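Q: Would you mind keeping the following structure in view while I ask a few things?
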Amino acid sequence: MNKREESRQRKAEERQKKELLRLKEMSVYEEKYKLCQYICGIDEAGRGPLAGPVVAGAVILPKDRPILYLNDSKKLSAKKREALYNEIMTSGAYVGVGIIDAGQIDEINILQATYEAMREAVGKLPVKPEVLLNDAVTIPDVDILQVPIIKGDGKSVSIAAASIIAKVTRDRIMEEYDKKYPGYGFAAHKGYGTKAHIEALKEQGPVPIHRKTFIKNFIKK
């Protein structure tokens with residue numbers, strides 16, 4: 001091995017060591033509840049958009065296989081999120097996803113819809129968790145120990161994994177809606193209230209995936 005290869009290998013080892021240290025810092029809550037067999041992270045994507053569903057992810061990571069570079073989905077590129085999504089899904093993790101559409105969001109409000117998506121995600125897990133690590137919220141009507149963590153997607157590997165599952169799942173849904181409802185740019189902005197989206201909404205009017213309670217200020221009476 002020449003000096004250049006040795007230097008490259010040494011740098012790679014240093015990066016991995018640094019990443020494992022970061023993951024250890026993001027596993028404080030998992031370590032606190034390590035006597036529990038099933039520790040589940042919960043997070044959602046899509047509370048703020050004008051269109052599309054709210055999606056929740058529930059993830060129980062395998063204890064014997066750390067997944068490098070897990071982080072808050074908002075801090076990752078789309079390409080990295082996709083790669084991590086695939087890694088989570090093939091890692092032996094237990095994954096549940098809950099999806100509540102725009103119609104139900106209008107009917108019960110976004111907060112209640114988010115709770116419902118989270119309950120649905122937990123209910124779709126093949127095992128029952130002993131503890132839920134939640135990003136900031138406490139979910140009503142769930143008979144499992146809950147630990148709400150402010151900005152939890154950056155403090156817990158389990159919540160970070162859930163945030164990636166929720167975000168990638170929702171992005172894929174919005175990309176499919178872009179094909180069904182062209183002209184709104186759903187693949188680009190994922191339903192958020194960008195200038196281009198609002199202009200398209202004003203010009204073309206709403207489609208069934210728009211949240212009526214969210215867009216009432218942007219459409220003609």
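Q: Between beta-carbons, use under 13 Å as the cut-off and find the net charge around residue 20, counting Lys and Arg +1, Asp and Glu -1.
A: Around residue 20, the surrounding residues sum to +2.
Q: Using the basic label-point model (7 angstrom from Cα toward the beta carbon), what is the residue 172 to residue 138 distance in nanometres?
A: 3.4 nm
Q: Could I ask something else about it? Please rank 137, 55, 168, 127, fewest neighbouring Cβ atoms within 10 Å first, as an exposure proxy.
A: Ranking 137, 55, 168, 127 by Cβ neighbours within 10 Å, fewest first, gives 127, 137, 168, 55.
Q: What's the angle, to the nearest 10 degrees (0 to 90), between helix 157-180's Cα axis and the longest principal axis of the chain?
A: Orientation of helix 157-180: about 40 degrees from the principal axis.
Q: Using alpha carbons only, how many degrees (0 to 90, rounded to 10) separate the axis of helix 195-204 from the longest principal axis of the chain?
A: Approximately 30 degrees, to the nearest 10.
Q: Given contacts defined as C-alpha pairs under 8 Å and at least six residues apart, what's the relative contact order of the chain, whole-number percent?
A: Rounded, it is 27 percent for the chain.
Q: Here is a further query. Enter the angle in degrees (range 0 to 90, nearest 10) between the Cα long axis of helix 3-25 and the first principal axis of the Cα atoms of the chain, meaning the one along which they spread out most.
A: The two axes meet at around 60 degrees.
Q: Taking 7 Å along the Cα-to-C-beta vector as the label spot, tell me the residue 150-residue 213 distance in nanometres, rounded to one decimal.
A: Roughly 2.6 nm, to one decimal.
Q: Then there's this: Taking the beta-carbon count within 10 Å as an exposure proxy, list 172, 10 from fewest neighbours to most.
A: If I rank by nearby Cβ atoms, fewest first, I get 10, 172.
Q: Once you put a point 7 Å from the Cα of residue 17 and another 7 Å from the Cα of residue 180, both along the Cβ direction, what distance in nm separates them?
A: Label-label distance for residue 17 and residue 180, simple model: 5.2 nm.
Q: Turning to a different aspect of this structure: Round to the nearest 0.05 the FRET efficiency obtained for residue 83 and residue 32 when R0 = 30 Å and r is the Cβ-Cβ distance.
A: For R0 = 30 Å, the calculated efficiency reads 0.55.
Q: If I take every Cα pair under 8 Å that is 6 or more residues apart in segment 60-179, average their sequence separation and divide by the length, what percent do I get for the relative contact order?
A: With pairs under 8 Å counted, the relative contact order is 29 percent.
Q: Which order do 189, 197 fall in if you start with the one that has the fewest other Cβ atoms within 10 Å?
A: 189, 197
Q: May I pose another question? Grab the DSSP H runs of the chain that are 4 residues or longer, score each as -39,500 (n - 2.57), total them, divide by all residues and round the 222 nm result to the nearest 500 deg cm²/dmol.
A: Taking each H run of at least 4 residues, the total per residue is -14500 deg cm²/dmol.
Q: Can you give the three extents of the C-alpha atoms in the chain along their principal axes, from longest to shortest, in whole Å?
A: The Cα atoms of the chain stretch 68, 49, 26 Å along the principal axes, largest first.
Q: Here is a further query. If you take the charge dipole of the chain about its Cα centre, with +1 on Lys and Arg Cβ and -1 on Asp and Glu Cβ, which of 85, 218, 7 is farthest toward its positive end?
A: Final value for the positive-end residue is 7.
Values in this text are rule-based calculations from the coordinates and carry no lab data. Just so we're clear, the structure is a prediction, and the values are computed from it rather than from any experiment. Every residue, glycine as well, gets a Cβ built from its backbone with ideal geometry; the counts of neighbours run over all protein chains shown.
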